[in-house]
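Below you'll find the structure, written out as structure tokens, and then a few comments.
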Amino acid sequence: MTNRTFKAGESRDQATLLPPRIEDYVGPDNPVRAIESFVCAIDLAKLGFRHADRGMEVGQPPYDPADLLKLYLYGYINQVRSSRRLEREACRNLELIWLLKNLRPGYRTIANFRKENWEALKATNRYFVLVARTLGLVGGNVVAIDGSFFHGDASKDSIFTRNRLAGQIAKLDQEIEAYGKSLEDNDAAEASKPDKDRLDGPGGEAGKDIGAKVTALMAKRSRAQGDLARLEANGETQLSLTDPDARLLVKSGQGVAGYNVQTAVDDKHKLIIASEVVNDSSDVGQLHAMAKVAKDALEAEVLQVLADEGYYSSLELKACEDDGIVAYVPVPEGNGQLEKQGRFSLKDFSYDATADAYRCPAGELLRPTKKPFTNTSGRVEIRYLSRKTICDACPLRARCLAPKGVQRLIGRWEHEDVLERHRARMQSADAGGLMRRRSAIVEHPFGTIKCRAGYRHFLVRGFNKVRGEWSLMALCYNFTRVLNILGFDRFVACMMAKMLLAFEHALVAALHCTQLVLGAFRTEIASLGSRLRTFPVG
Ligand code: SF4
């Protein structure tokens, strides 16, 4: 039993002999010290941060980019992203007061840092992957690629497609016509009144109101017409008024006004190795670009890449193979139109490489035509044709040819061997296991970033700034993951070692410079001495 009803805090008026130091605000193993150690270990000038290589100059000095980077890393790790909230936190959050040594940048400074340093933020993200590699946290053999939609700083209503603009123009035309008609009716009604009852001007006050509305509608129509003409002139399909680079993205019936974020994730610790922000709904066309960036980041000779069916593209698979990337992408089933009609599909024909011919289910050969054919997707194909006389007498004819068809035609891509190797790979024993691992690898970062951190939308507009913000999100995901894997002590020790190494290099470079300067000085003194000796005395 105690003599207190509740726990009581300290009196606000209690004076202390020695006030706490800023250093006492955070414990020795507070994760905020990990942020400090990382930022101190990197060369901000090399990464391209603005003002990082600034010397002593006149006027008010700017904030050190290291401090603003620490502020952003702390904020994004702790779900504080807006510049105004970061400004408030820098004044009241003891961890931030410790991290920034009581500096209190304004929200404009904070916001401008994110806008102006988007390239440097991307470079920092890439650099952290390099750090993770040197620490042995990256497997470097298998990566999984996937994309996810993030909302942009734009509403769906602010994005117009050509169809939507055409529909808007048609609707405005109807409204203008309706107002025009009511204006005419109004005029006619006024004209039929006796002179003494008529109002001034055509249609009186009501007519003036309608006239103003028609003018406003005409202006709106001309804006919509101008937007449509602009879209048609530059070949774009959508026009975004708020964020010029955001697009209406649709997948599985769900629409988002924003961006498609592509990531390549290493299978060892699910770290994001490479990422890119695009504004296309489709993932087709992203496989090779993402795999190549990941391969370069990992400096791997050969890389296995796992992706879902949405990435299947023969041209992309060919580009991957050419670059030493072994892609595992499920082959789409297709719509099975021929099977539904009870007819033979491509699967029923086998290719004989020695004879350069396809063998049909009746055992006959389809020979190549002389002229190659370029299809709508730009693929050059060789066409293989059966012989009409043989097909005429074939008992399988009804299951093979279209009702009005006379011979069977099969198109073979000039690099079909790439697809055959890919099909064989997808049927191999290890493909099943790899594809099961794919979703577990690549969906971990998106799940963490979207569900745990709650980052489903971007706060900035335009590709460059959005890419900078995504780099911050990816960097914070990787940072937290590496910190959890290594533990606080090992992480800080690694960063300290990096910092000491950089310091050592700087010291060696400085000593080298000093030696060069001393050498030049010595030569100068020697030549001066010899000149003095030859100087006539008296
Ligand atoms: S119709 Fe012609 S191509 Fe088809 S199975 Fe018969 S012979 Fe072969």
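The values are calculated or read from the model by the stated rules, or taken from the named source; none is laboratory data. Please read these numbers as outputs of a predicted model, since none were measured by experiment. With ideal geometry, Cβ positions are generated from the backbone for all residues, glycine too; neighbour counts draw on all protein chains shown. Surface accessibility is based on the protein's heavy atoms, side chains included, excluding ligands, DNA and RNA. Shrake-Rupley method; radii C 1.70, N 1.55, O 1.52, S 1.80 Å.
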- line: Sorting Ile110, Ile22 on solvent-accessible surface, 1.4 Å probe, most exposed first, gives Ile22, Ile110
task: For the stretch 216-308, evaluate the Debye formula with one uniform point scatterer on each Cα (no solvent term) and list log10 I(q)/I(0) at q = 0.13, 0.15 Å⁻¹, rounded to two decimals.
output: -0.62, -0.74
- prompt: Label-point separation (nm) for Ala431 and Asp209, each offset 7 Å from Cα along Cα-to-Cβ?
  reply: 7.1 nm
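Pick out, in residue order, every one of the chymotrypsin sites (Phe, Trp or Tyr not before Pro) in the stretch 1-82 that is DSSP loop and has at most 13 other C-beta atoms within 10 Å; say none if there are none.
Details: sites: Phe6, Tyr25, Phe38, Phe49, Tyr63, Tyr72, Tyr74, Tyr76; in loops: Phe6, Phe49, Tyr63.
Answer in residue order: Phe6.
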Whole-angstrom Cα spans of the stretch 255-364 along principal axes, big to small: 52, 39, 22
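Order these peptides, 378-389, 287-298, by their mean beta-carbon neighbour count within 10 angstrom, highest first.
Numbers: 378-389: 14.7, 287-298: 21.5.
Averaged packing, sorted descending, gives the order 287-298, 378-389.
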Most positive-pole-ward Cα, Leu396, Ser155, Gly226, against dipole of the chain from beta carbon charges: Leu396
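So how much slack lies between Glu177 and Arg88, counting 0.36 nm per residue of separation and subtracting their Cα-Cα distance, in nm?
Values: separation 89, 0.36 × 89 = 32.04 nm, distance 5.43 nm.
Contour length minus the Cα-Cα distance gives 26.6 nm.
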- request: Taking the Cα centre of the stretch 353-411 as origin, work out the dipole magnitude from +1 charges on Lys and Arg Cβ and -1 charges on Asp and Glu Cβ, in debye rounded to 20.
  value: 140 debye
message: Translational diffusion coefficient of the stretch 1-145 at 25 °C, 0.890 mPa s, Stokes-Einstein with Kirkwood Rh over Cα pairs, in µm²/s as a whole number.
response: 136 µm²/s
Near-label residues of the stretch 29-56 by backbone N, under 14 Å of a point 7 Å along Cα→Cβ of Glu119: 45-52
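Which whole-number percent gives the relative contact order of the chain, counting Cα pairs below 8 Å spaced six or more residues apart?
Values: 683 pairs, mean separation 96.9, N = 538.
After rounding, I find 18 percent.
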task: Calculate the dipole size of the stretch 177-336 relative to its Cα centre from +1 charges on Lys and Arg beta carbons and -1 charges on Asp and Glu beta carbons; express the result in debye to the nearest 20.
output: 540 debye
- request: Express in % the proportion of alpha carbon pairs of the chain at distances exceeding 39 Å.
  value: 54 percent
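My understanding is that a pair violates if its Cα-Cα distance is over 21 Å; which of Lys122/Lys270; Lys251/Lys295; Lys340/Lys404; Lys340/Lys371; Lys70/Lys115; Lys270/Lys295 do that in this structure? Could the numbers behind the result be given before it?
Values: Lys122/Lys270 19 Å; Lys251/Lys295 28 Å; Lys340/Lys404 18 Å; Lys340/Lys371 31 Å; Lys70/Lys115 16 Å; Lys270/Lys295 16 Å.
Beyond 21 Å: Lys251/Lys295; Lys340/Lys371.
Would you mind giving the average projected area, over all directions, of the Cα convex hull of the stretch 407-513 in nm² with one decimal?
On the way: hull surface 63.8 nm².
For the stretch 407-513, the mean projected area of the Cα convex hull comes to 16.0 nm².
How big is the dipole moment of the chain about its Cα centre under a simple scheme where the beta carbon of each Lys and Arg is +1, that of each Asp and Glu is -1, and everything else is neutral? Debye, nearest 20, please. List each step's numbers first, then the result.
Details: 77 positive and 68 negative charges, 137 e Å.
My answer is approximately 660 debye.
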14 Å Cα-Cα reach of Lys370 towards aspartates and glutamates, excluding residues that sit fewer than 8 places from it in its own chain: Asp356, Glu381, Glu414
message: Working only with C-alpha atoms, what are the Rg and Dmax values of the stretch 303-434, expressed in angstrom?
response: 16.6, 51
query: Thr16 versus Ser530, label points 7 Å from Cα toward the beta carbon: distance in nm?
result: 7.0 nm
